[in-house]
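Visitor: If you scroll down you'll find the structure; I have some questions about it.
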Amino acid sequence: MKKINIIGAGLSGSEAAYQLSKRGYSVNLYEVKRLKRNSVQVTNNLAELVCSNSLRSDDLLNAVGTLKEEMRLLDSLIIKAAEFARVPAGGSLAVDREKFSEYVTKALNDNPLINIIDEEVSEIDNEAVTLIASGPLTTEKMQNQINDLLGKDDFYFYDAVAPIITKDSINMDIAFRKNRYEKGETEDYINCPMTKEQYDHFYNELINAELAIGHLEGEDSFKYFEGCMPVEGMAKRGEKTLLFGPMKPQGLRNLDGTTNYAVVQLRQDDAKDSLYNIVGFQTNLKWPEQKRVFSLIPGLENANFVRYGVMHKNNFINSPKVLNSFLQLKTNSNIFFAGQITGVEGYVESTVTGIIAAINIDKYLNNQPLVVPPSSTVTGALINYINKASTTNFQPMKANWGIIDEIDVDKRNGKNAKKEAYSQRALAAMKEFIDKI
Ligand SMILES: Cc1cc2nc3c(=O)[nH]c(=O)nc-3n(C[C@H](O)[C@H](O)[C@H](O)COP(=O)(O)OP(=O)(O)OC[C@H]3O[C@@H](n4cnc5c(N)ncnc54)[C@H](O)[C@@H]3O)c2cc1C
């Protein structure tokens, strides 16, 4: 039988090893941390939660809550570990992080089919089927291998993205559709106009807002991003700098022909036209600060943020270009990817790709057609997103209802009716998928 190598025993790699062992395969699980830790690892255990101890909402009305339920149906080891290590956290699934990682480490150590190898992989073995699950902080040697595999243009080192909001949360009584200088045949951009008073208030809140820690911080970070400055960094260069950058009003008159002091533009972010990003607003602000400050933009007072802006080290590949929809490399069918490196974002999202990669490695080794859950499931919608997103400006994505196939629900049934319908449909579709495979 063909050898299976998994590179990285983080969340997705550990999950994939467990899922493959359940299907009867022996797995070599390579992990470097006991020889050399990265800047955020603090223990020798596998599947370390490097930052928050929360796997976020456990509410089925929330997409990540439904995603976790789908993973329970898929018998996820990581979710079992989280239930075992659960600590009280309201509607969230938060864990004692030591207990959580110890549970996973023991489950893998005790498994006779899983061979944990403390080694930094620096070369991909062409004879083996390989799952690359080396995470957002892949070691340099592995980065070089991935570069050789994909080419430099399709492997990214930093994430510098603007917040993304749902289109249906934009107040179109204030915002208006128009392209700058009315170029193009369709009105692609949504514009949020500002008076001088509104700008001054926004500007003061922006430059005084709290920055995130642990990611790229302060002035030092700007040298990485001269072409892609954080919006607050640009603002700190001068009161009017933004008016010559992402808040430039020129060419964006109101529909009645009047002019604005400043304009913030929103650009379509997904093929379905349900998500919009705030153009040029890549940021290093804390997430609650982003919500507070960016909601001051007229038209965004009730904005629903599905992804906050971030600027941090993050290795991820250009999945829409290089992977097929089964997490397999288009140019080498022996190689699969899982985890944050595929362009999903978050503990839970990373883990679920480990399950899907394992299912498909099994199918591949059995010469059976590869599979992916339908995009009415949160799992399927995430994989669909990383598969169909723009190849020229691919940005990572968390679980959210904005990426799932739309359902028409009568609004009179209450504000949660749509989410309930999404969740029920997702779980029914996942059960059907599991029965089929
Ligand atoms: C600083 C930081 C903070 C984050 N905070 C959160 C958060 O609070 N909440 C959240 O939901 N998500 C967070 N994330 C995002 C992400 O969900 C986690 O990083 C998650 O652990 C990703 O899972 P993974 O399996 O892709 O990678 P990881 O869990 O990082 O696993 C990858 C493993 O591969 C190993 N490895 C790397 N290179 C090699 C090599 N050459 N050979 C062998 N092993 C190798 C690493 O040591 C690591 O153990 C954060 C990311 C970062 C970078």
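Visitor: Name the one entry in Ile6, Ile79 that is surrounded by 20 or more Cβ atoms within 10 Å (Cβ to Cβ) and within 21 Å of the chain's Cα centre (by Cα).
Guide: Selected residue: Ile79, the only one of Ile6, Ile79 that is surrounded by 20 or more Cβ atoms within 10 Å (Cβ to Cβ) and within 21 Å of the chain's Cα centre (by Cα).
Visitor: Among residues belonging to the range 378-417 that are in a helix (DSSP H, G or I) and more than 24 Å from Gln328 (Cα to Cα), point out the one that is most open to solvent (accessible area, probe 1.4 Å).
Guide: Filtering the range 378-417 for residues in a helix (DSSP H, G or I) gives 378-388, 401-403, 411-413, 417.
From what's left, more than 24 Å from Gln328 (Cα to Cα): 401-402, 411-413, 417.
Numbers: Trp401: 35, Gly402: 11, Lys411: 184, Arg412: 205, Asn413: 109, Ala417: 17 Å².
Among those residues, the one meeting the criterion is Arg412.
Visitor: Turning to a different aspect of this structure: If we scan the range 180-188, do we find a residue that is open to solvent by 20 Å² or more (accessible area, probe 1.4 Å) and at pLDDT 95 or above?
Guide: no
Visitor: Residue check: is Lys2 modelled with pLDDT under 95 and either farther than 23 Å from Leu427 by Cβ or outside the structural domain of Asn334 (by TED's automatic domain parsing) (or both)?
Guide: Answer is yes for this residue.
Visitor: Can you list the strands (runs of 3 or more DSSP E) found entirely within the range 281-353 that contain at least 2 residues being open to solvent by less than 10 Å² (accessible area, probe 1.4 Å) and aliphatic (A, V, I, L, M)?
Guide: Because the criterion is at least 2 residues that are open to solvent by less than 10 Å² (accessible area, probe 1.4 Å) and aliphatic (A, V, I, L, M), the strands (runs of 3 or more DSSP E) in the range 281-353 that meet it are 310-317.
Matching residues to (1) near the ligand (Cβ under 9 Å from one of its atoms); (2) open to solvent by 30 Å² or more (accessible area, probe 1.4 Å):
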residue: Lys2; (1), (2): no, yes
residue: Gly13; (1), (2): yes, no
residue: Ala17; (1), (2): no, no
residue: Ser21; (1), (2): no, no
residue: Val27; (1), (2): no, no
residue: Arg56; (1), (2): yes, yes
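Here's the yes/no breakdown for (1) over 22 Å from the mean Cα position of the chain (by Cα); (2) over 29 Å from Trp401 (Cβ atoms):
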| position | (1), (2) |
| --- | --- |
| Val231 | no, no |
| Arg237 | yes, yes |
| Arg253 | yes, yes |
| Val263 | yes, no |
| Asp270 | no, no |
| Ile278 | no, no |
| Val293 | yes, no |
| Gly299 | yes, no |
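Visitor: Could you check the range 78-88 and list, in sequence order, the residues that are in contact (Cβ under 8 Å) with a residue 24 or more places away in the chain and in contact with a strand residue (DSSP E or B) (Cβ under 6 Å, 6 or more places away or on another chain)?
Guide: Ala82, Val87
Visitor: Return the residues of the range 362-377 that are open to solvent by 10 Å² or more (accessible area, probe 1.4 Å), in contact with a Ser or Thr (Cβ under 8 Å, 6 or more places away or on another chain) and touching a residue at least 60 places away in the same chain (Cβ under 8 Å); say none if nothing qualifies.
Guide: The answer is Tyr364, and nothing else.
Residues checked against (1) out of contact with any helix residue (DSSP H, G or I) (no Cβ under 7 Å at 6 or more places or on another chain); (2) at positive phi:
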| position | (1), (2) |
| --- | --- |
| Leu137 | yes, no |
| Asn147 | yes, no |
| Phe155 | no, no |
| Ala160 | no, no |
| Ile164 | yes, no |
| Ile174 | yes, no |
| Asn179 | yes, no |
| Glu182 | yes, yes |
| Glu185 | yes, no |
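Visitor: Here's something else I'd like to know. Give me the pairs: first residue in the range 13-26 and under 15 Å from Ile79 (Cβ atoms), second residue not aliphatic (A, V, I, L, M), beta-carbon distance under 6 Å, and six or more apart or on different chains, which are they?
Guide: Here the result reads Glu15/Thr351; Glu15/Gly354; Ala16/Gly354, each pair linking the range 13-26 to a residue that is not aliphatic (A, V, I, L, M).
Visitor: For residues that are in a loop (DSSP other than H, G, I, E, B), open to solvent by less than 60 Å² (accessible area, probe 1.4 Å), closer than 30 Å to Arg56 by Cβ and away from the ligand (no atom under 11 Å from the Cβ), tally how many sit in the range 103-137.
Guide: Looking only at that region, the number is 1.
Visitor: Suppose we filter Asn53, Asn38, Asn62 for residues that are under 26 Å from Gly91 (Cβ atoms) and modelled with pLDDT under 95; which single one remains?
Guide: Asn53
Visitor: Then there's this: Residue check: is Tyr261 in the same structural domain as Leu296 (by TED's automatic domain parsing), modelled with pLDDT of 90 or more and of a type in the set (Ser, Thr, Tyr)? Explain how you work it out, then say what you get.
Guide: Working: in the same structural domain as Leu296 (by TED's automatic domain parsing): yes; modelled with pLDDT of 90 or more: yes; of a type in the set (Ser, Thr, Tyr): yes.
Here the answer is yes, as Tyr261 does meet what is asked.
The values are calculated or read from the model by the stated rules, or taken from the named source; none is laboratory data. Note that this is a predicted model, so its numbers are computed, not measured. Ideal geometry is used to build each Cβ from the backbone, glycine not excepted, and the neighbour counts take in all protein chains shown. These area figures cover heavy atoms from the full protein model, side chains too; ligands, DNA and RNA do not enter into them. Shrake-Rupley method; radii C 1.70, N 1.55, O 1.52, S 1.80 Å.
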